[in-house]
Amino acid sequence: METRLLLMTSFDVKKNIAIVVPMQSDMSHTQLFHLYIIQGIIAYTENRFSNAVHIFTNAYELATKYRMEDWEMAELHYVSSLAASSDYRYILVIDHLQEALNYFNAKMLATRSIECLIILGNAQKHTRNLKNALMSFENAKEIMTTNGLANYLGMIEHNLGACYSLLKDNERALRHFNQSLLVKENPNDQIVTILSLVKEYKKTGDKESSKALVNKGIFLLNLLTEQNKNPYSHHFAIYKALLYDENDLISTFESALHYFEVKQNYYHCFVYCNVLADKLTDNNQFKLATTFYQKAFYYHLKHHNVQHWEELT
C-alpha cells in the first residue's frame, strides 16, 4: 500500500512534548486531546504503528466524552485510518474513513477526499473487495483530474497496479506500476513501486527484470530518509538473496526478521518466515524449514493479537 502522513514531526516537537507530558493531569480535555494527536503522529512517523493506533484510540475515547469540533473529529478519523492501515487493521480503517469522508466530501476538501479514497481503496484491496477498491482508486483519480492535483497520480497508479496484481492480471499490473514509476520524482516514493515491480516481474518468471530493479532499489537506498531506508534495505536484501541464490540466505532473513520484530511488524515476519521455510523445503532442509514454519505461525498469532489458542476456535 502507498500512503503517507504528510505531517512530519521535528526533534523540537518531540522535545517539547516530553516536557509537557508530566503535566497531563493539569490539562483541559482539549489540551489532552491535542497531546494525544501529536503523540500518535510521532509514533506513526517512527513506524510504531500499533502504539499509534492505541494513542489515537485514547484520543477518540476522550472525544466521545466531550464535544470536539467536526473538523477535529474528521482529522482524528483520518490519522487513525492511516495508523490502522499501516498496522494492517483494515476493518478499523474502513470504519474510520466512512466518518472522515462524510465530512471532507461535504466541505469539498479535494485533497483530503483523495487521500481518504486511497486509504479506503487500500483497505478494500487487502480485504479482497477488489471491485470496490478499483472504484475507490478511480474515484480518487477523477477528483484529482477535476481539481488539477497531479501530485497524487503516482500513488493512484501504484494502487491500481496492486489491485490488478491481486486479480492476476499481470499485464495491467505492470502497466500501472510502470506508469506510477514514470511520474514519480522522489526516491522515497519511487522505492515503493520499484519493490512492487520486483515482485510482479518475479511472479511472471522474468528474473532478469526483477534483478535489474532490485539493483536499482539498492542504489536508491542511500537517497531515502532513515524511516524508509531501514525497512527497504531488508526488503531488497531478501529479494537479492532469493534472485541471486546467495549462500547467506538464512542470515539475510534472520536480520530482516529481527528488524521487523523490533518494529512490531509481525505481518512481514510472518510472510518472510514462510518464504524462507518454503525455500528450505525446496533444498531438502526439512528440519530447519519446520522451525521457520512454526515461527511463521507464532508471528501470525502476534499479528492478530491472539494470546490463547482458544481464541482461534
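All of the numbers you see were taken from the coordinates with simple rules; none came from a lab. Note that the coordinates shown come from a computational prediction; the quantities given were computed from them, not determined experimentally. Please note: Cβ atoms are built from the backbone with ideal geometry, for glycine as well, and neighbour counts cover all protein chains shown.
Along the chain, counting only chymotrypsin sites (Phe, Trp or Tyr not before Pro) with a DSSP assignment other than H, G, I, E or B and at most 13 other Cβ atoms inside a 10 Å radius, the longest segment between sites is 67-243. Residue exposure proxy: His96, His300, ordered by other Cβ atoms within 10 angstrom of their Cβ from fewest to most, comes out as His300, His96. Among the GluC sites (Glu not before Pro) in the stretch 56-114, those located in a DSSP loop and surrounded by at most 16 other Cβ atoms within 10 Å of their own Cβ are Glu69. The modelled label-to-label distance between Val20 and Glu69, using points 7 Å beyond Cα along the C-beta direction, is 1.5 nm. For the stretch 171-215, GluC sites (Glu not before Pro) meeting the loop criterion (DSSP other than H, G, I, E, B) and having at most 15 other Cβ atoms within 10 Å: Glu185. Structure shown: which of Lys184/Lys216; Lys125/Lys199; Lys125/Lys184; Lys168/Lys199; Lys141/Lys207 lie over 20 Å apart, alpha-carbon to alpha-carbon? With Cα atoms farther than 20 Å apart: Lys125/Lys184; Lys141/Lys207. Our summary gives the chain a relative contact order of 10 percent, counting only alpha carbon pairs under 8 angstrom and 6 or more residues apart.
Hydrodynamic estimate: the Kirkwood radius of the chain over Cα pairs, inserted into Stokes-Einstein at 25 °C and 0.890 mPa s, corresponds to D of 117 µm²/s. Loop-located trypsin sites (Lys or Arg not before Pro) in the stretch 115-151 (DSSP state other than H, G, I, E, B) with a sparse environment of at most 13 neighbouring Cβ atoms within 10 Å: Arg128. With a simple spin-label model that places each label point 7 Å from the Cα along the Cα-to-Cβ direction, the separation between Ile91 and Lys131 comes to 2.2 nm.
As a rough footprinting exposure proxy, the listed residues Val79, Val183, Val20 were ranked by other beta carbons within 10 Å of their own, and the order from fewest upward is Val20, Val183, Val79.
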